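Structure first, commentary second.
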Amino acid sequence: MMLYTYLKRPKFHRILVTMFLLLILLSIYGLFLGASKDKESIHARTGFLDLSTLHFSSDNAVYLGGEWAFYYNEYIDPAGSTALPDGFIEVPKIWNSFLYEGESIGPHAYGSYRLTVKLSDDSQDILGLKLPSMSSSYKLYINGKLIHQSGIPGISKETETPEWKPNIAFFAPDSSDIDIVIHVSNFHYAKGGMWGNILFGSKEDVVEYRDTSLMRSYLLFGILSITCIFLLSLSLIEKNFPCLYLGLFCLSSALREVAVREVAIWNILGHIDHIMLARLEYITMPLITLFHTIFIYNLYQREFGKKVYRGISISMVAMIPFTLFATPNTFSSYLWVYQLSVLISFSYSAFIITKSFIRNNTSSGILLIGLIVMLLAIVNDILYAEKINTNYGLAHAYTIAFTIFLMTQVFMVFINISENYKRAQLATRSQFMLLQSQIKPHFLFNILNTIQQLVDKNPAKSKKLISVLSDYLRGNFTYGSNPDINLILLRDELTLVESCVYMANTRFDDRIELELDVDSQCLEHKIPSLILQPLVENSIKHGLTEGNLKILITAKMSPKNLIINVRDDGVGMSKIQIHNLLESKTQDLQHLSEDGVGLKNVRMRMQLLYNRDIAIQSEKGQGTEVSLIIPLDNDNKLQEAVEC
């Protein structure tokens, strides 16, 4: 029983849900990561790699990473050139910083990579190479034979035909020593060279790796595309703008998935021009950042700085035409600007959501988990793009992380459905209780009976009482038509309260004193209709004894809230009475008594409209004070709900 009570505590429940969700996300991430089947990288030294201890019929494929011989601005004879290299260059790595005669060669150049590989003497099986795209074209030779090419390497921009297309190639080794020569040129992009790892192994292993990686891309693209269609349809039907931006966020991420890593768009559309492919890859960065920023801003408008929002949005919108109309060589030179913009946007969003989570917004914690995973993937992809991290199995992890982020959104949707269902139940109970508190035949009977007695004794007072009763009934019927969301000015609510107290005084010989201590600026702010009147009626009914009763209503403003207190000096209540009053089972509407209905109604409506509880302070013989805290910025939102 004690364990059950402990598990029901809200804080523990939130921690449990968060840990469970994190476990699921880590498991999914591990499955996707495992699907990449990253291989071991055996480091070559001074253009030589010894694989004589490996048997590819049983051993896994390996990456041909390390020091390759490099010949700057020279296409060496692949059949067996004896020329000395200009140096050794790390693969995978961008060649921009390679030093030739003491100076960096920069991005625009051509040259030859060479690696001698020693195989085991019994390596007679067909071997395979999984080849990444290279910037910007290449031809690959093994022992002097052309095995594969992508584009046409040249010695100038005019003679080069660029092409980015990962592929696989096969060959049968005719000896235990193989000489790999790759002619590479780049005159169309801001980064050149062999920037990706070559996977080397048995034909079956290479094919399996390529197919697994492609299937992952197709799976992610399918998930994101279907989710995008669903969210866009939902946004049109429900006119839900966050769904619209999340759907566009999905679309941008789906396009990025088929434009990077395995460049699966080749398999979907066939041949795609190098310039179009480069633009597609780069334009997804500002699009993803733009729609992500708008989506988070719509969820957290109060916390998200408007200047930051405008700054990010305007800069992203400006980068889109720049990517569309500039050459790949131009916009790729500013890759750091794209990367920095993405980092700033996602980091700021994580900061905003963290603040919301600290303020006890449970759903923000779930969103924060997905966003942190996505932010880590972005950092990882930036490190890979700069070849600080060369682990291909961990490269281009953004789309996987975004898929996890979407799952957190689905989880939040289910939470919201559950909360909305509870709030709908709360609204139904609140509506019932307000009607029950309003329909009081004995109240009308007592007032009419008082008027009848005063007609002969004090005609003037009876006339005024009729006028006050008319105004009171008109206000109740007008403002009570939609009690769960309808708003009125505090000034009008206080007028109804004064009418209520005046009529009560005609019955109790003016023993009730009402005092108002309200700042003038508070009078023009809106509050839920008929939310103070039940508190005053409660004070009169339960606080008035044989003596007098004083009721004090105060209203003050803080920077973000309207704070209203209703205090009386009546008989008061014990802590047990307060607990029994508030914690009684109000779901069973048939067993609701009239006692405490007004107070319960006020409490439920505050929870429904503002997700806030009321505060009650009371002691036996010391009176009772009820405090309401109403957010000032909710006035417009609630009024829009009324108009809709």
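The values are calculated or read from the model by the stated rules, or taken from the named source; none is laboratory data. Just so you know, these numbers come straight off a predicted model, no measurement behind them. Note that each Cβ is placed from the backbone with ideal geometry, even for glycine, and that neighbours are counted across all protein chains shown. Each accessible area value is taken on the protein alone, full model and side chains, heavy atoms only, with ligands, DNA and RNA left out. Shrake-Rupley method; radii C 1.70, N 1.55, O 1.52, S 1.80 Å.
Here are some notes:
- Taken per residue, the accessible surface of segment 84-159 reaches 45 Å², heavy atoms only and a 1.4 Å probe.
- Segment 44-124 - percent of accessible surface contributed by carbon and sulfur, probe 1.4 Å: 46 percent
- Rolling a 1.4 Å probe over the protein heavy atoms leaves Arg45 with an accessible area of roughly 140 Å².
- For Leu376, solvent-accessible area (1.4 Å; no DNA, RNA or ligand), Å²: 120 Å²
- Which of Pro162, Gly128, Pro173, positive extreme of dipole for segment 97-201 (C-beta unit charges): Pro162
- Rounded to whole numbers, the Karplus 3J(HN,Hα) couplings from phi for segment 177-185 are 10, 10, 10, 9, 10, 10, 8, 10, 9 Hz, using 6.51 cos²θ - 1.76 cosθ + 1.60 with θ = phi - 60°, and x at Gly and Pro.
- Heavy-atom accessible area per residue - segment 192-297, 1.4 Å, Å²: 38 Å²
- Whole-percent carbon and sulfur share, accessible surface of segment 134-205, 1.4 Å: 51 percent
- For Leu84, the solvent-accessible surface with a 1.4 Å probe is about 150 Å², rounded to the nearest 10.
- Among the listed pairs Lys575/Lys600; Lys575/Lys620; Lys130/Lys165; Lys118/Lys387; Lys461/Lys541; Lys600/Lys620, those beyond 18 Å (Cα-Cα): Lys118/Lys387; Lys461/Lys541; Lys600/Lys620
- Assuming charge only on the beta carbon of Lys and Arg (+1) and of Asp and Glu (-1), the dipole of segment 526-577 about its Cα centre is about 340 debye to the nearest 20.
- The residues Glu90, Glu262, Glu163, Glu238, sorted by heavy-atom accessible surface at 1.4 Å with ligands and nucleic acids left out, run Glu238, Glu90, Glu163, Glu262 from largest to smallest.
- Extending 7 Å from the Cα toward the beta-carbon at both Glu158 and Glu524 defines two label points whose distance is 7.5 nm.
- Dipole orientation for segment 249-404: of the candidates Thr327, Ile353, Leu367, Ile353 has the Cα lying most toward the positive pole (charges on Cβ; Lys, Arg +1; Asp, Glu -1).
- For segment 220-229, 3J(HN,Hα) per residue [Karplus equation, 6.51 cos²θ - 1.76 cosθ + 1.60, θ = phi - 60°, Hz, x = Gly/Pro]: 5, 4, x, 4, 5, 5, 5, 4, 4, 4
- If R0 equals 35 Å, the separation of the Cβ atoms of His55 and Ala79 corresponds to a calculated FRET efficiency of about 0.80.
- Computed lengthening from Asn267 to Arg302, 0.36 nm per intervening residue step minus Cα-Cα distance: 8.1 nm
- Amide H contacts of Ser135: Gly193, Trp195, each under 5 Å away and 5 or more positions distant or on a separate chain (H built 1.01 Å from N in the peptide plane; Pro and chain starts excluded).
- Vicinal HN-Hα couplings computed from phi for segment 515-527 (Karplus, 6.51 cos²θ - 1.76 cosθ + 1.60; Hz; Gly/Pro x): 10, 10, 10, 10, 4, 4, 5, 6, 4, 8, 8, 8, 9
- Per-peptide average of other Cβ atoms within 10 Å, ordering 132-138, 269-275, 368-374 highest first: 132-138, 368-374, 269-275
- Sorting Lys203, Lys560 on solvent-accessible area from highest to lowest, probe radius 1.4 Å, gives Lys560, Lys203.
- Amide H within-cut-off set for Leu523, under 5 Å, with H built and near neighbours excluded: none
- Solvent-accessible surface of protein heavy atoms, probed at 1.4 angstrom with all chains present, puts Asp205, Asp121 in the order Asp121, Asp205, largest first.
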